[in-house]
1. With respect to residue 54, determine if the residue is exposed (fewer than 13 other Cβ atoms within 10 Å of the Cβ), over 19 Å from residue 28 (Cα atoms), in contact (Cβ under 8 Å) with a residue 24 or more places away in the chain and basic (Lys, Arg).
2. Can you name every residue in the range 16-40 that is within 17 Å of residue 113 (Cβ to Cβ) and not in a strand (DSSP E or B)?
3. Which residues, taken from the range 64-96, are more than 22 Å from residue 13 (Cβ to Cβ), surrounded by 12 or more Cβ atoms within 10 Å (Cβ to Cβ) and of a type outside the set (Phe, Trp, Tyr)?
4. With the requirement that a residue be touching a Phe, Trp or Tyr at 6+ places or on another chain (Cβ under 8 Å), of a type outside the set (Ser, Thr, Tyr), part of a loop (DSSP other than H, G, I, E, B) and farther than 17 Å from residue 110 by Cβ, what does the range 41-93 give you?
5. For residues that are under 22 Å from residue 89 (Cβ atoms), more than 11 Å from the chain's Cα centre (by Cα) and surrounded by 13 or more Cβ atoms within 10 Å (Cβ to Cβ), tally how many sit in the range 12-38.
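Just so it is clear, none of the values below were taken in a lab; they were calculated from the coordinates. Bear in mind that the values here come from a model prediction, so they are computed numbers and not experimental data. Every residue, glycine among them, receives a Cβ derived from its backbone with ideal geometry; neighbour counts consider all protein chains shown.
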Amino acid sequence: MVLLLLLSMDTVTVQIKSYKLIAEVARTPEEKATGLMHRRSLPDSMGMLFVFDRPGYYPFWMKDTYIPLSIAFISSDSIIVDIQDMYPMDLRSIWPLRPFQFALEVNQGWFRKRGIEPGDTVKIIPR
């Protein structure tokens with residue numbers, strides 16, 4: 001049910017602890033492949049939520065991405081399973097430690113500055 005709802009939305013509110021941000025939803029293969037490419041900035045109150053049909057291991061990379069990012073890999077039961085930093089234009093694949101169904105990209109350091117870490121719960125709120 002939640003997955004179907006997410007697949008119909010362009011943006012959602014994401015809450016972790018008491019912190020909220022607005023996330024664009026990357027649903028289609030094209031949206032996921034493009035991600036945050038070609039952007040020169042990202043407001044601190046914004047991010048991108050990648051939605052996958054089922055839990056698994058999906059690699060991420062920073063091709064044509066100019067913004068340093070942090071990515072949280074989120075399980076199907078809304079728990080952060082891993083957080084990693086990613087660097088502009090880096091072509092190495094980033095793999096999580098555990099399977100995930102959602103990934104949230106934000107400005108690098110956003111999670112660390114707020115004390116957000118693996119094990120924290122993510123709430124996705126329709127807008």
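1. no
2. 17, 18
3. 64, 65, 68, 82, 84, 85, 86, 88, 90, 94, 96
4. Answer for the range 41-93, where residues must be touching a Phe, Trp or Tyr at 6+ places or on another chain (Cβ under 8 Å), of a type outside the set (Ser, Thr, Tyr), part of a loop (DSSP other than H, G, I, E, B) and farther than 17 Å from residue 110 by Cβ: 59, 89, 90, 91, 92.
5. Of the residues in that region, 2 qualify.
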